[in-house]
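The values are calculated or read from the model by the stated rules, or taken from the named source; none is laboratory data. Note that the structure is a prediction, hence the values are computed from the model and not measured. With ideal geometry, Cβ positions are generated from the backbone for all residues, glycine too; neighbour counts draw on all protein chains shown.
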Ligand SMILES: [Zn+2]
């Protein structure tokens, strides 16, 4: 279904990442432009998903799971195509950082940031657009220093429906930005020679499972399933493919094959141009907290507080296996609920205001279940639990148990404060 792209003279690729756009909110207007695929996000937050999009590797292999990691130079896939100009653009996202210095730039080894109307041809242009990231469609500054935390508290008071409506407004803004990019391609006469991929890095929770919001955890359909739309004049418009999935890890092998490059390492994904059918399943991983470094206290706290999940998904649902246990997570959960230090707990508290004790306890228990149960099945996957477990074990065993050397960078308090305002906090 994408094989026809081989016969086209495609030289450039635009990957427009509408941040935090979940599958069930994919805008029809964009679906009408090309071929839509249900997609398995490799992870549940930007810092781990972008490296998968770029490298074709799942997080256990690319090893970028926190904002302190850097994608190894030999695994930079799409960013290492030497005949192409490379740009990673963040015009609407990471606005509190200087151009080219956002946390996404950092984890990807600092690729240049060049606007689409200035990139030299041929190019790989990747954009992280604010999309469905908090505070949905509103300026971050509107909620003071606390940013997303204050935004979610406010919408906890207003209710889930209002939150979802505001989320849609954020997506609408992102679509107009996307259309602006398409106009730029048209003005530059690059429509025929450019493959456009509209996708997302992870989904977003809008108060499900007892009042969970944002992204990063838990591993669930609202965060794992995202849309991908391939857009090119040779492709059928308005086609929606069902029964199979594609994965973030398929982007790199597909694009490199299309542009005639060989990769110098084995990827986890497949070249979608060669596929008669679609991949049947994909993995999604979440390991650790948003930060890793710290003193002994921080390290011991981290082992108790971090959320860890491995999961297998097909078109119809998935199996999630939590690594951390309820006994370890419960004190942290209670601490968060009492201390009100993160967006999640503030939203929960406000949305449960005035509700009876029984209702409140029920909501908290539901959240805890989705954050900690050793195995949770979502919807109706064709893969059974035993097979899912075996698939994960096989993948992880093949990586080997040897700890690889890692490059970690230090993130100062001011930057952490900015990340905190965007909801990245443990
Ligand atoms: Zn993101």
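Check region 105-119 and report whether any residue there is part of a loop (DSSP other than H, G, I, E, B), within 16 Å of the ligand (Cβ to nearest atom) and modelled with pLDDT of 95 or more.
So far as region 105-119 goes, yes, one or more of its residues are part of a loop (DSSP other than H, G, I, E, B), within 16 Å of the ligand (Cβ to nearest atom) and modelled with pLDDT of 95 or more.
Of all the residues that make up region 3-23, how many are farther than 15 Å from residue 197 by Cβ and within 16 Å of the ligand (Cβ to nearest atom)?
3
For the condition modelled with pLDDT of 75 or more and within 22 Å of the chain's Cα centre (by Cα), what is the one hit in 305, 290, 333, 283?
So the residue among 305, 290, 333, 283 that is modelled with pLDDT of 75 or more and within 22 Å of the chain's Cα centre (by Cα) is 283.
Taking residue 170, is it out of contact with any helix residue (DSSP H, G or I) (no Cβ under 9 Å at 6 or more places or on another chain) and not in a helix (DSSP H, G or I)?
Considered against the rule, which asks whether it is out of contact with any helix residue (DSSP H, G or I) (no Cβ under 9 Å at 6 or more places or on another chain) and not in a helix (DSSP H, G or I), residue 170 comes out as no.
Within region 46-53, does at least one residue satisfy the condition of being over 18 Å from residue 201 (Cα atoms) and either modelled with pLDDT of 95 or more or out of contact with any strand residue (DSSP E or B) (no Cβ under 9 Å at 6 or more places or on another chain) (or both)?
No, that holds for no residue.
If only one of 414, 394, 366, 344 is surrounded by 14 or more Cβ atoms within 10 Å (Cβ to Cβ), part of a helix (DSSP H, G or I) and out of contact with any strand residue (DSSP E or B) (no Cβ under 7 Å at 6 or more places or on another chain), which one is it?
So the residue among 414, 394, 366, 344 that is surrounded by 14 or more Cβ atoms within 10 Å (Cβ to Cβ), part of a helix (DSSP H, G or I) and out of contact with any strand residue (DSSP E or B) (no Cβ under 7 Å at 6 or more places or on another chain) is 366.
Just for strands (runs of 3 or more DSSP E) wholly inside region 175-249: which have at least 1 residues that are within 22 Å of residue 39 (Cα to Cα) and within 16 Å of the ligand (Cβ to nearest atom)?
194-199, 205-207, 212-214, 225-231
When only residues in region 312-330 that are in a strand (DSSP E or B) and under 27 Å from residue 149 (Cβ atoms) count, which is modelled with the highest pLDDT?
The residue in question is 320.
Quick one: in region 41-64, of everything that is under 8 Å from the mean Cα position of the chain (by Cα) and within 19 Å of residue 245 (Cα to Cα), which residue is farthest from the ligand (Cβ to nearest atom)?
Restricting to residues being under 8 Å from the mean Cα position of the chain (by Cα) and within 19 Å of residue 245 (Cα to Cα), the top hit is 42.
From 166, 161, which residue is buried (at least 18 other Cβ atoms within 10 Å of the Cβ), modelled with pLDDT of 95 or more and more than 16 Å from the ligand (Cβ to nearest atom)?
Of 166, 161, the one residue that is buried (at least 18 other Cβ atoms within 10 Å of the Cβ), modelled with pLDDT of 95 or more and more than 16 Å from the ligand (Cβ to nearest atom) is 166.
Mind listing whichever residues of region 94-104 are part of a helix (DSSP H, G or I) and either more than 16 Å from the ligand (Cβ to nearest atom) or without any contact (Cβ under 8 Å) to a residue 24 or more places away in the chain (or both)?
none
If I go through region 65-93 residue by residue, how many of them are within 14 Å of the ligand (Cβ to nearest atom), touching a residue at least 60 places away in the same chain (Cβ under 8 Å) and in contact with a strand residue (DSSP E or B) (Cβ under 7 Å, 6 or more places away or on another chain)?
2
Restricting attention to region 63-80, does a residue exist that is assigned to a strand (DSSP E or B) and either surrounded by 20 or more Cβ atoms within 10 Å (Cβ to Cβ) or at negative phi (or both)?
yes
Regarding region 10-23, can at least one residue be identified that is part of a helix (DSSP H, G or I) and over 22 Å from residue 170 (Cα atoms)?
No: zero hits.
Within region 134-158, count every residue that is closer than 17 Å to residue 417 by Cα, assigned to a loop (DSSP other than H, G, I, E, B) and either in contact (Cβ under 8 Å) with a residue 12 or more places away in the chain or within 16 Å of the ligand (Cβ to nearest atom) (or both).
Adding up the residues that qualify gives 5.
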